Amino acid sequence: MTEILKVAQKGEAVLALHAAEVSMQEFGSTWLNALADAMHATMLARNGVGIAAPQVYVSRRVIIVASRPNIRYPDAPEMDAIVMINPEITQRSDRQVLGEEGCLSVPNERGQVARAEVIRVSYQTLAGDSVEQEFSGFPARIVQHEIDHLDGILFVERT
Ligand code: K2U
Ligand code: ZN
């Protein structure tokens, strides 16, 4: 049974915390896999293109990135959802791009946010494998937005 979880709203303390890393012994655990499933179901139910664990009241460094074409980014790539555990941005392009963002935790608000156009991200998969991957454009924007959530930062603090 995959749960659709309640999404924390702007002003709730959990969104302002620095989320804790997932430790090696937690990989493969029932709780981590259940969390990823519930985050994914919740993101889909809310038509999100990403979600971070703190948004469902879990202050741990887990995000999902799932770009798809949408009204604001019609040429965004359609990508399979990626679950990133302990994600870290290892490189950022100097060049930044302004783009409109929204947030499942900040309803009815949209704002222009400057983000690095190209980033390199290192993260662990649910299986515990380490991955280094480059993102650009809208997917790069989503990754930066979600990692901000892990550091207690909402996009409205960057507009
Ligand atoms: O983290 C979230 O609250 C999910 C956001 C992700 C997002 C990141 C960057 C730019 C836009 C959104 C939700 O997907 S907000 C809904 C949405 C979907 C597509 C485009 C804009 C807003
Ligand atoms: Zn958000």
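Within segment 106-159, the only residue that satisfies the criterion of being within 15 Å of ligand 2 (Cβ to nearest atom), open to solvent by 50 Å² or more (accessible area, probe 1.4 Å) and within 18 Å of T90 (Cβ to Cβ) is D151. Hey, can you tell me all the residues within segment 74-105 that are touching a helix residue (DSSP H, G or I) at 6+ places or on another chain (Cβ under 9 Å), over 17 Å from T125 (Cα atoms) and open to solvent by 40 Å² or more (accessible area, probe 1.4 Å)? Correct list: D75, P77, R92, V97. Residue pairs whose Cβ atoms lie under 7 Å apart, separated by 6 or more positions or on different chains, with the first residue in segment 144-159 and in contact (Cβ under 8 Å) with a residue 12 or more places away in the chain and the second of a type in the set (A, V, I, L, M, F, W, C) and open to solvent by 10 Å² or more (accessible area, probe 1.4 Å), are I147/I89; G152/A16; G152/L17; L154/C103; F155/C103.
Do we find a residue being buried (at least 17 other Cβ atoms within 10 Å of the Cβ), within 11 Å of ligand 1 (Cβ to nearest atom), under 17 Å from E146 (Cβ atoms) and touching a residue at least 24 places away in the same chain (Cβ under 8 Å) anywhere in segment 14-29? Yes, the conditions are met somewhere in segment 14-29. Selection of first residues in segment 126-143 that are among the small types (G, A, S) and more than 16 Å from ligand 1 (Cβ to nearest atom) and of second residues that are modelled with pLDDT of 95 or more and assigned to a strand (DSSP E or B), restricted to Cβ pairs under 7 Å at least 6 apart or on distinct chains, gives the following pairs, ordered by first then second residue: S130/S122; S130/Q124. Looking across segment 35-73, the residues that are β-branched (V, I, T) and open to solvent by 20 Å² or more (accessible area, probe 1.4 Å) come down to V49, V58, I71.
Residue by residue, here is whether (1) outside any loop (DSSP other than H, G, I, E, B); (2) of a type in the set (S, T, N, Q) holds:
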residue: E3; (1), (2): no, no
residue: G11; (1), (2): no, no
residue: N47; (1), (2): no, yes
residue: I63; (1), (2): yes, no
residue: R68; (1), (2): no, no
residue: I71; (1), (2): no, no
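Results for (1) within 15 Å of ligand 2 (Cβ to nearest atom); (2) among the β-branched types (V, I, T); (3) closer than 20 Å to S136 by Cβ; (4) touching a Leu at 6+ places or on another chain (Cβ under 9 Å), shown as yes or no for each residue.
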residue	(1), (2), (3), (4)
Q9	yes, no, no, yes
F27	no, no, no, yes
N33	no, no, no, yes
D37	no, no, no, no
P74	no, no, yes, no
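Scanning segment 99-118 for residues that are aliphatic (A, V, I, L, M) and either in contact (Cβ under 8 Å) with a residue 60 or more places away in the chain or within 12 Å of ligand 1 (Cβ to nearest atom) (or both) gives L104, V106, V113. Taken together, A36, A76 contain a single residue that is closer than 24 Å to Q133 by Cα and part of a helix (DSSP H, G or I), which is A36.
The values are calculated or read from the model by the stated rules, or taken from the named source; none is laboratory data. Fair warning: this is a prediction, and the values are worked out from it, not measured in the lab. Note that each Cβ is placed from the backbone with ideal geometry, even for glycine, and that neighbours are counted across all protein chains shown. We work out accessible area using only protein heavy atoms, side chains counted, and drop any ligands, DNA or RNA first. Shrake-Rupley method; radii C 1.70, N 1.55, O 1.52, S 1.80 Å.
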